[in-house]
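Student: The structure that follows is given in the form of structure tokens.
The values are calculated or read from the model by the stated rules, or taken from the named source; none is laboratory data. For clarity, every value in this text was computed on a predicted model and none was experimentally measured. Here the Cβ positions follow ideal geometry from the backbone for every residue, glycine too, while neighbour counts run over all protein chains shown. Remember, those area values only see protein heavy atoms, side chains included, never the ligands or the DNA or RNA. Shrake-Rupley method; radii C 1.70, N 1.55, O 1.52, S 1.80 Å.
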Protein chains: 2
Amino acid sequence: MSRQEAVQILQTHGIKPSYQRIKIYEYLVDKKNHPTVDTIYRELSPGLPTLSKTTVYNTLKLFHSVNVVQKVMIEDNEVRFDADTSIHGHFKCLSCGEVYDFPVQKNALMYGIPEGFSITDEHIYCTGYCQDCAQVDTTLLQASS
Amino acid sequence: MSRQEAVQILQTHGIKPSYQRIKIYEYLVDKKNHPTVDTIYRELSPGLPTLSKTTVYNTLKLFHSVNVVQKVMIEDNEVRFDADTSIHGHFKCLSCGEVYDFPVQKNALMYGIPEGFSITDEHIYCTGYCQDCAQVDTTLLQASS
DNA sequence: AACCATAACTGTAATTATTACAATGTCGAT
DNA sequence: ATCGACATTGTAATAATTACAGTTATGGTT
Ligand SMILES: [Mn+2]
Ligand SMILES: [Mn+2]
Ligand SMILES: [Zn+2]
Ligand SMILES: [Zn+2]
């Protein structure tokens, strides 16, 4: 994503595009890796030596408040962030730790929610083993047989 | 739930039914309130004066490891627990804080997950305003018009 | 350019949830 | 009654997040 696009998106959400905010937003959009605060801080620090972790926290909270990012919580000890705020599912591989996106059926949720409830946010995620890691298991099983 | 039923379920999952474990399990099953560790501790303490919060943590971790409970994470600062381990959705009202269960379509998830991925766990949740709280909003709006 | 008000950034301290650990208690088998 | 294994407890350590106060960057006004 170009710097100008990033600035554009932040501005249309009422966010003043500071140097740090642009860098953090670009990181999220370019990497698409659902990083934690710590990962973002660790990866951006070298090129932004004065960056404070507090700024990363503040920035993500701001982004989230105007729906520029969504939070992804799968394991209870890590909060991840995603610049793709469209409705989609997340799959975390318990072996390699990778988080994958997957499409979800439109209105998959609506179905069971009672009349009179209004929804602001919906999340779908699962855990398991990705193709690569499941593959290894299979290979090992075969090798040992 | 009777004490005997609780003991039964714990035993069939290979858990030795200690006094504390039974109390915690009964609490989860009877209240169905998706409590946090803190809530469980606070509510059981009066009738179990020696109970340690560490025991609550240990017990829930044990329960979770053998799938006697599932974790419910909706907001990033609270982990809740649910003795209903069947696949169902959770709705948290942002106004009153109540967590409601709702049914989900069978295989709602499978749909988008690529070939070769194996799923161990699936979760669906959303946030919004429950019927009671949305009602109040409507009433207020009408009153002010 | 100098000045100023405002907002953003930074680093440290405080808070909170969770886990580690070591001591103590429980309980059934011998 | 003794023993060993496991469960419980209380405290200390860890880790994530937030609060806060000082500093710096920004943009407008003179
Ligand atoms: Mn995603
Ligand atoms: Mn439930
Ligand atoms: Zn994997
Ligand atoms: Zn409500």
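Student: To the nearest 20 Debye, how big is the dipole of the protein assembly as shown about its Cα centre, given +1 on the beta carbon of each Lys and Arg and -1 on that of each Asp and Glu?
Tutor: The calculation lands at about 680 debye.
Student: Search the structure for amide H atoms under 5 Å from the amide H of B:GLY89, placed 1.01 Å from N in the peptide plane, and list their residues when 5 or more places away or on another chain.
Tutor: B:PHE102, B:VAL104
Student: Taking A:SER118 in one copy and the same position in all the others, each labelled 7 Å out along Cα→Cβ, what are the pairwise distances from the first, in nm, shortest first?
Tutor: 4.5
Student: Given the options B:ILE15, B:TYR25, B:GLY112, identify the residue whose Cα lies farthest towards the positive end of the charge dipole of chain B (+1 on Cβ of Lys, Arg; -1 on Cβ of Asp, Glu).
Tutor: About the Cα centre, the residue reaching furthest to the positive side is B:ILE15.
Student: Straight-line reach from B:LYS23: which aspartates and glutamates have a Cα under 19 Å away, not including same-chain ones fewer than 8 places off?
Tutor: Here the aspartates and glutamates satisfying the reach criterion relative to B:LYS23 are B:GLU5, B:ASP38, B:GLU43, B:ASP82, B:ASP84.
Student: I need the phi-derived Karplus couplings for segment B:73-83: 6.51 cos²θ - 1.76 cosθ + 1.60, θ = phi - 60°, integer Hz, Gly and Pro marked x.
Tutor: Computed from phi, the couplings for segment B:73-83 are 10, 10, 9, 6, 10, 8, 9, 10, 10, 9, 7 Hz.
Student: Ignoring ligands, DNA and RNA, what percent of the accessible area of chain A is carbon or sulfur (1.4 Å)?
Tutor: 49
Student: Let me ask something additional. Treating the point 7 Å from Cα along Cα-beta-carbon as the label, what are the nm separations from A:PRO103 to the other copies, to one decimal?
Tutor: Shortest to longest, the spacings are 2.7 nm.
Student: Check B:VAL69: other-chain or 5+ apart residues with amide H under 5 Å from its amide H, H built from backbone geometry?
Tutor: Amide H neighbours of B:VAL69: B:HIS64.
Student: Among the listed pairs A:LYS53/B:LYS61; A:LYS92/B:LYS31; A:LYS32/A:LYS71, which have their C-alpha atoms separated by more than 22 angstrom in this model?
Tutor: Going by Cα-Cα distance, A:LYS53/B:LYS61; A:LYS92/B:LYS31 fall outside the 22 Å limit.
Student: Moving on. Where the label is 7 Å out from Cα toward Cβ, how close does B:GLN135 come to the same position in every other copy, in nm, shortest first?
Tutor: Once sorted, the set of distances for B:GLN135 reads 5.5 nm.
Student: Further question on the same structure: Mind checking which helices in chain A clear 24 Å along their axis (Cα) and have mean Kyte-Doolittle hydropathy of 0.5 or more, DSSP H runs only?
Tutor: TM-like helix candidates: nothing returned.
Student: Under a point-charge model restricted to the Cβ atoms of Lys and Arg (+1) and Asp and Glu (-1), what is the dipole moment magnitude of chain B relative to its Cα centre, in debye to the nearest 20?
Tutor: Approximately 620 debye in magnitude.
Student: When the Karplus curve 6.51 cos²θ - 1.76 cosθ + 1.60 is applied with θ = phi - 60°, which whole-Hz ³J(HN,Hα) does each residue of segment A:90-107 get, with x for Gly and Pro?
Tutor: Per residue, the Karplus-derived 3J(HN,Hα) values read 10, 10, 10, 7, 6, 8, 9, x, 5, 10, 9, 8, 8, x, 10, 5, 4, 6 Hz.
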